[in-house]
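The values are calculated or read from the model by the stated rules, or taken from the named source; none is laboratory data. Computed from a predicted model, the values in this text were never measured in an experiment. A quick note on method: Cβ atoms are made from the backbone with ideal geometry, for glycine too, and the neighbour counts reach across all protein chains shown.
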Amino acid sequence: MSESIQTNINSLHNTVLQETEDDSLLEIDQNYYRNISDFIGNLRKQEFDGVENKIKDSMIEMATELASLLINIRLDKISKLDDIDIGNLLDEEKFILDSQEDQQERKEMILSATINGKSKFLESLAQNHKTKKIVVRFLNEVDEIVGADLEKYGPFKTEDIATIPYENAQALIAKNIVTKVRFED
């Protein structure tokens, strides 16, 4: 095992410790999560035998746990802080916060439409959501289905990829017939 691996584990561990000991959000390198990802990815690619392989697997597990802990600690701090220094947020954290802002806006939109008697707007919103298309991968064969948008889809074979309405996808996901496709590099 190389010295740099130990240094990276120590560095990650020290960052998590510092983050837990300080009430404010630490300023860390903007590429920190990507560096952790590269570190873990490089570890996974290395091949060892015997004890060295067990050590490598333990290091991967430790790095994974520390990375998860770091993300959760930072997000918890962000949610509790009134005055966040945007400069200390990493891009990945901003991505998460954007989704929370979208959720808040949607909640306010639904509340406003509900208390202002805009039932047609709510009906339209619900219908658009049901028929919004998502990409899924089929885990089993499925005969033709009629979508929430009243269009016909299929038949599908195992491992087929398809774009189907959200409502249908959710029902099939619940039955473990499909899985949502997430686009990752």
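What to note about this one:
- So PHE183, is it aromatic (Phe, Trp, Tyr) and at pLDDT below 95: yes
- Top-ranked residue of the stretch 140-185 - restricted to ones that are in contact with a helix residue (DSSP H, G or I) (Cβ under 7 Å, 6 or more places away or on another chain) and of a type in the set (D, E, K, R), ranked as farthest from LYS130 (Cα to Cα): LYS180
- Summed over the stretch 28-58, the residues that are under 23 Å from the mean Cα position of the chain (by Cα) and touching a residue at least 40 places away in the same chain (Cβ under 8 Å) give a count of 4.
- Selected residue (criterion: surrounded by the fewest Cβ atoms within 10 Å (Cβ to Cβ)) from residues of the stretch 26-35 that are touching a helix residue (DSSP H, G or I) at 6+ places or on another chain (Cβ under 6 Å) and not hydroxyl-bearing (Ser, Thr, Tyr): GLU27
- Single match in ASP38, ASP76, ASP49, ASP23 (criterion: surrounded by fewer than 12 Cβ atoms within 10 Å (Cβ to Cβ) and within 19 Å of GLU92 (Cβ to Cβ)): ASP76
- Test: residue in the stretch 74-82 that is in a loop (DSSP other than H, G, I, E, B), closer than 30 Å to ILE28 by Cα and assigned by TED's automatic domain parsing to the domain that holds LEU12: yes
- From the list LEU75, LEU70, LEU90, LEU97, the one residue that fits, being of a type in the set (A, V, I, L, M), modelled with pLDDT under 90 and under 17 Å from the mean Cα position of the chain (by Cα), is LEU97.
- No other residue among LEU66, LEU17 is closer than 28 Å to GLY87 by Cβ, in contact with a His (Cβ under 9 Å, 6 or more places away or on another chain) and outside any loop (DSSP other than H, G, I, E, B) apart from LEU66.
- Hey, ILE60 among the β-branched types (Val, Ile, Thr) and assigned to a helix (DSSP H, G or I) or not: yes
- Residues located in the stretch 110-157, provided they are in contact (Cβ under 8 Å) with a residue 12 or more places away in the chain and among the polar types (S, T, N, Q): THR131, ASN140
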